[in-house]
Amino acid sequence: YFSMIIAVFSKSFPHVELKILEGDSGQLLGKTLAGEIDVCAVFGQKPDSMLEYWKIFDEPLVLIVPKAHPLASKESLSFTELQEEKWILYTDGAGINQVIQDYILPDQLAKQTLCQSGQWDFIAELVNHGAGVALLPKSICQRYYKKEIAMVELIEQPKVSSYLAWRTDRYLSQA
């Protein structure tokens, strides 16, 4: 989504300089609050009340498992069926982790976390090789991993929201 938005913005406003930083939601919100960056795009974590924000979209999350995993043949399942699974999570501060913690107790999740990464493609590859299970946005899985991994819908239908956030006490270009 953001690559398209950035490309359209750059073409529409060719004289506006864009500096793009990557980081997890917590890092980017912190930099925005500190005034180090003007605007941030974050997944999952609703921006701080000191920030103005615009919700871009809600994205359904799906469980991904290797094709050979016993859960791969299920059409849907509940988080209660995932209590014994090893998880591959995004890095601390990523909003998607908060969605998972809404359904699995943090203490239990900490014991069952194999590793964390900020890169969805690395997470998907770890799942593909049988290291654990993960939640990823459905659109990413449909675009890149249909043949390599199984996507299983969750009965709870978790979603992650995407936001643009900025400080209200600073000038923000109309662009």
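The values are calculated or read from the model by the stated rules, or taken from the named source; none is laboratory data. On a predicted model such as this, the values are computed, not experimentally measured, just so you know. Neighbour counts are summed over all protein chains in view; Cβ atoms, including those assigned to glycine, are modelled from backbone coordinates with ideal geometry. The accessibility values were calculated without ligands, DNA or RNA, using every heavy atom of the protein model including side chains. Shrake-Rupley method; radii C 1.70, N 1.55, O 1.52, S 1.80 Å.
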Can you name the residue in segment 23-52 that is assigned to a strand (DSSP E or B) and open to solvent by less than 60 Å² (accessible area, probe 1.4 Å) and, of all such residues, is nearest to Asp92 (Cα to Cα)? Val42
For segment 90-133, give me each residue that is open to solvent by less than 70 Å² (accessible area, probe 1.4 Å), of a type in the set (A, V, I, L, M) and at pLDDT below 90. Ala94, Ile96, Val99, Ile100, Ile104, Leu109
Assess whether Glu36 counts as being at pLDDT 90 or above, farther than 23 Å from Ala150 by Cα and not aliphatic (A, V, I, L, M). yes
If Asp58 satisfies all but one of (1) over 20 Å from Asp121 (Cβ atoms); (2) more than 14 Å from the chain's Cα centre (by Cα), what's the number of the condition it fails? (2)
Looking only at segment 63-82, which residues are surrounded by 11 or more Cβ atoms within 10 Å (Cβ to Cβ) and β-branched (Val, Ile, Thr)? Ile64, Val65
Answer yes or no: is there a residue in segment 13-22 that is at negative phi and either open to solvent by less than 20 Å² (accessible area, probe 1.4 Å) or not in a loop (DSSP other than H, G, I, E, B) (or both). no
Run down Ser78, Ser25 and say which single residue is more than 16 Å from Val127 (Cβ to Cβ) and either out of contact with any helix residue (DSSP H, G or I) (no Cβ under 9 Å at 6 or more places or on another chain) or of a type in the set (D, E, K, R) (or both). Ser78
